[in-house]
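Let me begin by presenting the structure, written as structure tokens, before commenting on it.
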Amino acid sequence: QAPAKSSAAMKWVAAVSFVILLSFAESRLLNKRDHNGHDHDHQGHGHGHDHDHEGHDPHEHRKTVGDVFKVLGEDRFKALAMIMVSQYLQKCPYEEQVQRVKAITEVGQVCSQGARRADCAHPAITVVLDELCKTPENAEKYPAHAQCCAKSGPDRNICFVEHKLTDPDAIPPHESPKPEAACHSYTADRANFLGGYIYEVARRFPMMYAPAILSVTEKLENIVVECCKDDAARDQCFTEKITSLRKGLISLSAIQKHNCIVLKRFGARVLQASKLVQISQKYPKIGRAHV
């Protein structure tokens, strides 16, 4: 089983690294906006997530939706799509988001297979936003939806990001299913169970990086698999481990908010230097190249 675990871990690292790139691009875009178009790292360039004319960084604008699908694979692509639609339209029911994810995944899949269509030249974020803007949303739930969808290029993404509901009370608290129900739901339909969890976390933590949500979801799955093995100890197992998972999620959210503040105020180089110091202190035996 060791080789299988190692292989899975390597795929996980590759997937997370790629999603970090996408998430970091969004942060850089917001940083640029906050400095009125004068970002410390790339002054004068229009880097962003939306459309082909978003910038000149070769590591960002070439990542089309088909590229993302190839790197992540179908399952992780769906997870990323669910995170994105849930963070942008936080009040939509899960069933609606599932349909959006299905449509986005179909585009990613056909584009990864070499289809010649216009949307295959677009970044994943553009395909996501196109899907979100296909249908008018309730103005009371999403007062800025029509305004954001009327924009184009990076401005459309910026608009959606700026109107995310970040107030802790914006979304009602999530009631986790009872342990027995959770075990049954996971066994009956693993994909739907994990997709539902991703949806609930993403819409309550709209600014959290996708890799963090994927990591927390993986931890949840490990908890479910472990706790569901023993009916007698199941409830206690869930109580202890889910409580710990929630505390970690809140702590992670706080750390990422701090990172965003540092990024906006001081730029990417300061944030990277700060993280380099933290990692070096935590893992003193790791060489600089690996850090």
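A few points about this structure:
- Of all residues in the stretch 141-187, those satisfying the criterion of being in contact with a His (Cβ under 7 Å, 6 or more places away or on another chain) and closer than 23 Å to residue 93 by Cβ are 144, 148.
- Just one of the listed residues (199, 142, 186, 209) is more than 21 Å from the chain's Cα centre (by Cα) and in contact (Cβ under 8 Å) with a residue 40 or more places away in the chain, and it is 186.
- Some residue of the stretch 127-135 being surrounded by fewer than 12 Cβ atoms within 10 Å (Cβ to Cβ) and without any contact (Cβ under 8 Å) to a residue 60 or more places away in the chain: yes
- Within the stretch 239-272, the set of residues being among the charged types (D, E, K, R) and either crowded, with 16+ Cβ neighbours inside 10 Å or farther than 18 Å from residue 216 by Cβ (or both) comprises 241, 264, 265, 269.
Yes/no matrix, rows are residues, columns are (1) aromatic (Phe, Trp, Tyr); (2) under 19 Å from residue 154 (Cα atoms); (3) open to solvent by 20 Å² or more (accessible area, probe 1.4 Å):
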{"site": "88", "(1), (2), (3)": "yes, yes, no"}
{"site": "99", "(1), (2), (3)": "no, no, yes"}
{"site": "109", "(1), (2), (3)": "no, no, yes"}
{"site": "113", "(1), (2), (3)": "no, no, yes"}
{"site": "124", "(1), (2), (3)": "no, yes, no"}
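- Of all residues in the stretch 241-259, those that are over 20 Å from residue 178 (Cα atoms) have Cβ atoms under 7 Å from Cβ atoms of residues that are of a type outside the set (A, V, I, L, M, F, W, C) and open to solvent by 30 Å² or more (accessible area, probe 1.4 Å), 6 or more apart or on another chain, in 256/209.
- For the stretch 192-202, the condition of being among the aromatic types (Phe, Trp, Tyr), open to solvent by less than 30 Å² (accessible area, probe 1.4 Å), out of contact with any His (no Cβ under 8 Å at 6 or more places or on another chain) and within 24 Å of residue 127 (Cα to Cα) holds for at least one residue.
- Check on residue 139, under 18 Å from residue 96 (Cβ atoms) and either of a type in the set (Lys, Arg) or surrounded by fewer than 19 Cβ atoms within 10 Å (Cβ to Cβ) (or both): yes
- Pairs, first touching a residue at least 12 places away in the same chain (Cβ under 8 Å) and at positive phi in the stretch 217-239, second surrounded by 14 or more Cβ atoms within 10 Å (Cβ to Cβ) and acidic (Asp, Glu), C-beta under 7 Å, six or more apart: none
- Cβ-Cβ distances below 7 Å connect no pair with a first residue in the stretch 260-271 that is closer than 18 Å to residue 166 by Cβ and assigned to a helix (DSSP H, G or I), a second residue that is of a type in the set (Gly, Ala, Ser) and open to solvent by 80 Å² or more (accessible area, probe 1.4 Å), and a separation of six or more residues or different chains.
The values are calculated or read from the model by the stated rules, or taken from the named source; none is laboratory data. Note that this is a predicted model, so its numbers are computed, not measured. No Cβ is skipped: glycine too gets one built from the backbone with ideal geometry, and neighbour counts run over all protein chains shown. When the accessible area is computed, the model is the full protein with side chains, heavy atoms only, and any ligands, DNA or RNA have been set aside. Shrake-Rupley method; radii C 1.70, N 1.55, O 1.52, S 1.80 Å.
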